[in-house]
Amino acid sequence: MFGYVRPRRDLLDQAAFETYHAAYCGLCRALGKQFGFRARFLVNYDMTFLYLLRSSVAEPCGVRGCWCPARVCGRKSCILDDDGFGPVAACTVILSYEKLRDNVRDERFLRRLPFRLLTLLFRRAYQRASRMLPEFAALCARQLAALQELEAASSPSIDATADCFARIVSGCANDLRDPNQRRPMEQILYHTGRFLYLADALDDLKEDCAKNAYNPLRYRFSVTDGTLPQAELDYLSQLTDSSVNLAGAALELLPMHVHEDLLKNIIYLGFPAVFFAVKTGKFQARASLWNHRRHKTNTGEA
Amino acid sequence: MKDPYEVLGVSRTASENEIKTAYRDLVKKYHPDNYANNPLADLASEKMKEINEAYDAIARARASSSAYQSGGSYQGGGSHSYNYGYQSSGASNPYAQVRSYINANQLDAADSMLNTAPTRDGEWYFLKGTIAYRRGWLDEARQHYQTACAMVPTNYEYQNALRTVQGGYTPYRQTNYQRSDMDEACNLCNALLCLNCLCGGCR
């Protein structure tokens, strides 16, 4: 479920865009530093958003040119903020590992093999990350188990299924101490998670119907042929709009020092643009190993 | 206390009008109506208090140095307007306890109490919807509010809640973050075309 959190680049100024990239590169560097080189492959823009959100309440950090393995020569500027990136990198590893495990569960024997191999590769990183954030790792396992139960029962409630995933996402901020920062952040992340779940469900609807797999929208709106009628589509848009509004209302209460433009762009402009693209069938998730689309079930981790 | 100018986001040399505009924009953004039923309503009302105090502090400071005419700060701040006004009816209202649980954000307690209620009237559906809304379960909230409105079509509180959950009302969103439509540009083009024709016709 990575790839749905994006800014509207055309409406982002150059300085903010560079900060966004520096945060992405900083996260990649932190992953490598904490969890070894291979963890660098787990970097993604969704977790960059998490970092931007979490660090928005802190003082600004310096930017430095860093070596980038994906680049032959030259350096890339990246934000240096070990304290800020630490928990975000751990969350990235935990969520990615859970996603791999879910793929192993869902796939048939032969297709399952590569994912099994990858879980072995990332097992140690996962163990270290769950030692860093034991509460978050436990929360993930608990909510995913709850989600599987709902799926097995073919739950028609989009709220209950989205809630399992949204709680995982909002758990990414539960280590913060100050309630004035934690509470708005949890609300932003909860509704981000809800938005991601619904967007992903809509994106996968056709495929899930064809494969007779679980999709909450199928049971909620009694869809049979894989397309949602216009009235239901409008209703779903209103639901995601409400989530965006609630995330925005919480964002306004966050005592932000930096990254305000970026966060507002992602929430107010990026989310609706992504949902519009999904709705019209024009959304293309970044083609990568981690964006593997599930075939049997449509569970919602990361 | 924080620097009042910082709270309002204006410079120390800002004119009276600039301060008033900044103040009004902030009041619009953090107005209790925007945070009705929102679990963060208490933070919003704190923010509102801070803004009011900052505005009053600036007005006082300027009045002492010159004859500064303050428009007076917004007095409706706080969360009273949406804090379920009739809790005081006490034991006569079986839902009073549920409402006070909701106000204290104890949603599980409120929900289990509601589930044991003998009747399911409009108020029951409204409270059920409010609990769902506070949890972020927007689909369920909408269904319950719609049932409540259908059962008691005259209740203003239910209609308001339904309107909030239906969205489309986002006053805190700054204008530059409003989704841009092509319509405005088209309207402008059309207006210019019409103007051109009219001017041409006058020749």
Whether region A:36-111 is rounded, prolate or oblate, judged on the alpha carbon gyration tensor where a/c under 1.5 counts as rounded = oblate
query = Could you give the semi-axes, largest first, of the ellipsoid that matches region A:90-163, computed as the square roots of 5 times the alpha carbon gyration tensor eigenvalues and rounded to whole Å?
reply = 23, 19, 7
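Viscosity 1.306 mPa s, temperature 10 °C: give me the Stokes-Einstein translational D for region A:14-78 in µm²/s, with Rh taken as the Kirkwood radius over C-alpha pairs.
130 µm²/s
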ask   = For chain A, what percent of Cα pairs sit more than 34 Å apart?
value = 18 percent
ask   = Near B:Lys29, which lysines are there with a Cα under 29 Å away, not counting those fewer than 8 places off in the same chain?
value = A:Lys264, B:Lys2, B:Lys20, B:Lys47, B:Lys49, B:Lys128
message = How tilted is helix A:179-210 with respect to the longest principal axis of chain A? Cα atoms for both, answer in degrees (0 to 90, nearest 10).
response = 40 degrees
ask   = Between the helical axis of A:45-55 and the dominant principal axis of chain A, each derived from Cα atoms, what acute angle in degrees is found, rounded to the nearest 10?
value = 50 degrees
query = Under a 5 Å amide H to amide H cut-off, with H placed in plane at 1.01 Å, what residues pair with A:Ser77 once short-range neighbours are removed?
reply = A:Cys66
ask   = How big, on average over all directions, is the shadow cast by the Cα convex hull of region B:1-56, in nm²?
value = 3.7 nm²
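Values quoted throughout were computed directly from the atomic coordinates according to the rules given, and no laboratory measurement underlies them. As the structure is a prediction and not an experimental result, all values here were calculated from the model.
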